[in-house]
Amino acid sequence: MKTTIKFLTLLLVFGVGGSIYAQSPNIVVIIADDMGWSQVSTGLTNLNNPSDFYETPRLETLAIEGIAFDNAYVNGANCAPTRAAILSGQYASRPDNNVFAVNGLNRGGNSTLLVGPSQGISNGEDEIPASAITIAETIKTAGYTTAHFGKYHSGGSLNNSPTDQGFDFNYGGGSDGAPGSYFAALSGSNWEFHPRIGPELDVYASPYTAAESLALAGDNSLTGTAKHVTDAMADAAIDFMNANNSSPFFMHFSNFAIHGPWGQANARPDLYAKYVAKNNTNPSQMGHTNIAQAAIAEGMDQTIGRLIDYLKTTPDPRNAGQMLSANTLVYFISDNGGAIGTEDNGPLRGMKGEHYEGGVRSITMAWSEGLLANTGTINSTPVVAFDLYPTLVEAAGGTLPAGYEIDGVSQWSMLTGTNPNLNRDAIYWHFPGYLIDSKRDQRPVSIIRKGDYKLIHNFETASYELYDLINDISESNNLLSGSPDVATLTIGNDLSTDLRNYLIDISAPLPTFRSSGATVPLPEIIEITTPPPGGCGAPDSYIAFWNFDSVNGANDASVNNNDPLSTIGTLTYDTIDFKEGDQSFVFDGATKIQYSQNPGPFMISSMTQRSVAMWIKPTALSGIQNLFEEGGGISGVVLRLNGANLESIVRNSSTVSDTRSAAFPNDGDWHHIAVTYNGGATSHELYIDGVSVSSSAAAPGSVPTHIGSGGIGGVQKKDSFGETADNFYTGKMDAAAVYDVALSTAQVVEAACVDDTPPPPPPVCTYSVINSEDFESGLGIWIDGGADARRSSSDAAYANGTYCVRLQDNTSTSVMTTSNLDLTTYEELTIDFSYYCRSMDNGNEDFWLQISTDGGASFTTVEEWNQGDEFVNDQRYNDQVVIAGPFTANTQIRFRADASGNQDWVYIDDVVINGCTTSAARANEMLVVHENAETETQAVAEEEIETKGDENSIYPNPFNNQINITIKGGNYQNAEIELFNNLGQSLFLKSYQKEERIKVSTQDLPAGQYFVKINIDNKITTKRLIKM
């Protein structure tokens, strides 16, 4: 990810048109509120999709004379997040921003599948905290006088008003997001604007004078009428510039226009009359029918014209013989999509509040009469609103704050013609909540735009959408639907990898499941290969087969036509993550499908045999989740998840039934499940991945006619467990089949696509030590990051010797990084080290191991250690991380602290980097193994240490005379432990039954690399070990 940018103070010298300006330019940022992509009369900023009704001639002129951007974005789909990103320079996931939406992330009611995290500041307001270092604060340090005008909507409730955050002057800005009313009104004997507008503008609230009426309306029709706040903002801005143009100034001119309220009562009367007449004679064919908003928009356009005219006609005291316009940068943006409907943003899909293009594309342009190169052109580089922070600081010759992350990229060299490239790979959006109303249906998403493509991850359904924005700007063709080809999947793989890494690197807050409180999983990486059509399916003797493929949807793929009778919820499919055919079904926790009802006969008639088989990929193992049921409380069959267990029941009557249960793998992956019932043999068996996990010889001899409804995804009415709640399933399902026979084990194995071929021997891997550092004589190849990293004998109590490296806080200096290492000959690395943490006192405090293959330009997080999960304070740990290649000639390894202050520490010691040179190394996995062992004393060494994502652990590693294996809980039938050398030769093989702690003597083994294979009830794990 991009690291903090720092600019040295620069003397800006630009030669344009024969003039040289050596002084810091004035800066005017103009923001339009809720102006849709096509709600302007220029086509230069919107790929030639101008409005046929709204008139904005001054913006049209700016676009012609300046630089128009037709691929410009904002950081949020509504007001507050965009403003927070501009002011902070950061993505919303940063703690100094933390504004994702207006009015919170749970604007979808109390029955949504997920719950969005909290946002904003401690009092619940959607504002940036006082700790944010705003663009105004940074520019002010460069000698600028700063002023905010109009809508702020990013602070004001908790020591974070504009004047608290770097603005010398505030004209009307507060915490409110709308003006209440656009016109001033009498309050006693004084004219004042609505209370939602800051009182600083009240000095400009007096009615229009005759001169003002003539200048604005061309006649005296406005004389003596109430002042419109948009015009008052221009009056205030011109007064500010008059008083401060002898030194550089920064104006943050944030219009209330064209946000509601609308209607005649909020539009200037002369302009309202104009658009009434226009609507009568030449109405819009684009759906631009809001007369009052059109009038408010043109009023704003007039205000912008007044500011430009002032700059063009006012001599610059700092540049004799020149006007202010020659040394002033004007940058215009709109803050999100149009708020009335999708028509405001045509041909884009979506509107304000939604993260399709119609919600996040911006009308953007830059203008100056002396500072910019390539004026009069359209720039198609994707830019985003928070680029303004580094752009304007660089233009001002300022310095970005040290230790403060800036996510935007400076456009200044592009604007001035010195470098046309921004050197940014991608733009990201993360919206972990809901905004659902009569017009909008925005649900939790994470998004990446990279090159021509945009990938959207939907957290509810754990599914993706991929769009080619160059050829499909309306986002109407999801490239991942149907059967995407390898080229498309390759693009998806690249973008999904970047998106996942971004969310990890920025510690993006994720929504949680409403039912359990569990956090949703991160987006999965799209695989380039897909299961072959017809693979991993079911034996074809079924009486119903719901394969969910694009041809059949939820209908029966057999000849029996056992199609849905009714559906509750939404039918959603995943075309890239499936086990059979070309797609799977996504159950969102609110969907179930009914396939049978009385009188049947399907899943109603009496029976003596039944089998049900399917592939499932649960989102979480929490609560009861019905997968399949037929019958009811008196008789029937149910297959379900109950917490971490897979369960089935065969019921003959209210008193006669048989239940099976087994632990379900908690790995977030696909698994094949089946239940078979044979009344004649009174057998009832439960399978996971082709393996019998629970069986009974005491099942009922038959199941009589059962008149209850049957189906999948939830309880239909009342099931044979007696459940009447919906018990919806959340996750994916594929290849669900129902049989009127009891499948044999061989048939279940066939349906589960179990490969009986013995696994190949573990890969041969020759390891060598690249570097070993105990820091006793220095840092070696390691470089400390600065103020928040040190090597000192004062830390001897936390070192294995006298010295270690201490990291603290969470800044750009909270790191220790290797110099560039040429690792091109290695295909896998192991990083062994010890660590000791102090005062890391909450679950958000952690530290990371990261790798860079581009000389430190960007780092990818390989592993993180969290307080309370991987470690507790005041205890030493030894750890090992394996990283697969390929690597480069300028690879760097970095440890980074992610704590909350200077009193939170992690001490790193005894770092050993080993490299493997075998071609058989697993180069397609970034993180292969994470084995965590406490070795402070022998007693501690023999405690159970869990491997992340696994139920067993192996320690120590490296080992000497003994390997310890802990199988959590000992709740298994059979375990087989086999040890191989790096030639694949078996050295040790032994079976165990229900032993929790297993010790393997290794004192006779020579030093080197070994592999241990653990087979627990046919679930196999292989891990690599080193003997020192």
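The values are calculated or read from the model by the stated rules, or taken from the named source; none is laboratory data. Everything quoted here is computed from the prediction, not taken from an experiment. Quick reminder, even Gly has a Cβ in these numbers, built from the backbone with ideal geometry, and neighbours come from all protein chains shown.
Does Leu823 meet the test of being surrounded by 20 or more Cβ atoms within 10 Å (Cβ to Cβ), in contact (Cβ under 8 Å) with a residue 24 or more places away in the chain and under 25 Å from Leu1025 (Cβ atoms)?
yes
Looking at the stretch 24-79 only, could you name the residues that are assigned to a loop (DSSP other than H, G, I, E, B) and of a type in the set (D, E, K, R)?
Asp33, Asp34, Asp52, Glu55, Asp70, listed by residue number.
In the set Ala920, Ala897, Ala889, which member is among the small types (Gly, Ala, Ser), surrounded by 21 or more Cβ atoms within 10 Å (Cβ to Cβ) and either at pLDDT 90 or above or not in a strand (DSSP E or B) (or both)?
Going through Ala920, Ala897, Ala889 in turn, just one is among the small types (Gly, Ala, Ser), surrounded by 21 or more Cβ atoms within 10 Å (Cβ to Cβ) and either at pLDDT 90 or above or not in a strand (DSSP E or B) (or both): Ala897.
Could you list, in sequence order, the residues of the stretch 644-690 that are out of contact with any strand residue (DSSP E or B) (no Cβ under 8 Å at 6 or more places or on another chain) and either of a type outside the set (Val, Ile, Thr) or under 16 Å from Ile616 (Cβ atoms) (or both)?
Hits for the stretch 644-690 are Ser653, Ser654, Asn666, Asp667, Ala681.
How many residues does the stretch 886-903 hold that are over 15 Å from Asp505 (Cα atoms) and in contact with a Phe, Trp or Tyr (Cβ under 8 Å, 6 or more places away or on another chain)?
Qualifying residue count, the stretch 886-903: 2.
Just one of (1) polar (S, T, N, Q); (2) over 23 Å from Asp335 (Cβ atoms); (3) in contact with a Pro (Cβ under 9 Å, 6 or more places away or on another chain) trips up Ser187, so point out which.
Checking Ser187 against (1) polar (S, T, N, Q); (2) over 23 Å from Asp335 (Cβ atoms); (3) in contact with a Pro (Cβ under 9 Å, 6 or more places away or on another chain), the one that fails is (3).
Considering only residues that are surrounded by fewer than 24 Cβ atoms within 10 Å (Cβ to Cβ) and charged (D, E, K, R), which ones fall in the stretch 360-374?
The answer is Glu369, and nothing else.
Would you confirm, using the coordinates I've provided, whether Ile86 is of a type outside the set (D, E, K, R), closer than 30 Å to Gln119 by Cα and touching a Leu at 6+ places or on another chain (Cβ under 8 Å)?
yes
Contact list please: Cβ distance under 9 Å, first residue in the stretch 226-243 and assigned by TED's automatic domain parsing to the domain that holds Ala178 and outside any helix (DSSP H, G or I), second residue surrounded by fewer than 22 Cβ atoms within 10 Å (Cβ to Cβ) and at pLDDT below 95, pairs at least six apart or on different chains.
Short answer, once both residue conditions are applied: none.
Ala681: small (Gly, Ala, Ser) and either crowded, with 18+ Cβ neighbours inside 10 Å or on the phi > 0 side of the Ramachandran plot (or both), yes or no?
No.
Strands (runs of 3 or more DSSP E) wholly in the stretch 650-734 with at least 3 residues that are over 22 Å from Ala554 (Cα atoms) - which ones?
657-663, 671-678, 683-688, 691-696
Residue under question is Arg806, and the condition is that it be assigned by TED's automatic domain parsing to the domain that holds Val912, closer than 17 Å to Ala899 by Cβ, surrounded by 20 or more Cβ atoms within 10 Å (Cβ to Cβ) and basic (Lys, Arg); does it hold?
Against the criterion (assigned by TED's automatic domain parsing to the domain that holds Val912, closer than 17 Å to Ala899 by Cβ, surrounded by 20 or more Cβ atoms within 10 Å (Cβ to Cβ) and basic (Lys, Arg)), Arg806 qualifies.
In the stretch 324-359, which residue that is acidic (Asp, Glu) and more than 30 Å from Asp309 (Cβ to Cβ) is surrounded by the fewest Cβ atoms within 10 Å (Cβ to Cβ)?
Glu343
Among the residues of the stretch 155-164, is there at least one that is closer than 18 Å to Asn255 by Cα, assigned to a loop (DSSP other than H, G, I, E, B) and touching a Cys at 6+ places or on another chain (Cβ under 8 Å)?
No: the stretch 155-164 contains no residue that is closer than 18 Å to Asn255 by Cα, assigned to a loop (DSSP other than H, G, I, E, B) and touching a Cys at 6+ places or on another chain (Cβ under 8 Å).
For the stretch 482-505, which positions are in a loop (DSSP other than H, G, I, E, B) and touching a residue at least 60 places away in the same chain (Cβ under 8 Å)?
Gly482, Ser483, Pro484
Asn419 fails exactly one of the following numbered conditions: (1) buried (at least 19 other Cβ atoms within 10 Å of the Cβ); (2) on the phi < 0 side of the Ramachandran plot. What is the number of that condition?
Just one mismatch for Asn419, condition (1).
A quick yes/no check of all residues on (1) in contact with a Leu (Cβ under 8 Å, 6 or more places away or on another chain); (2) under 28 Å from Pro95 (Cα atoms); (3) not aliphatic (A, V, I, L, M):
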| position | (1), (2), (3) |
| --- | --- |
| Pro347 | no, no, yes |
| Met351 | no, yes, no |
| Ser362 | no, yes, yes |
| Ala373 | yes, no, no |
| Ile406 | yes, yes, no |
| Leu415 | yes, no, no |
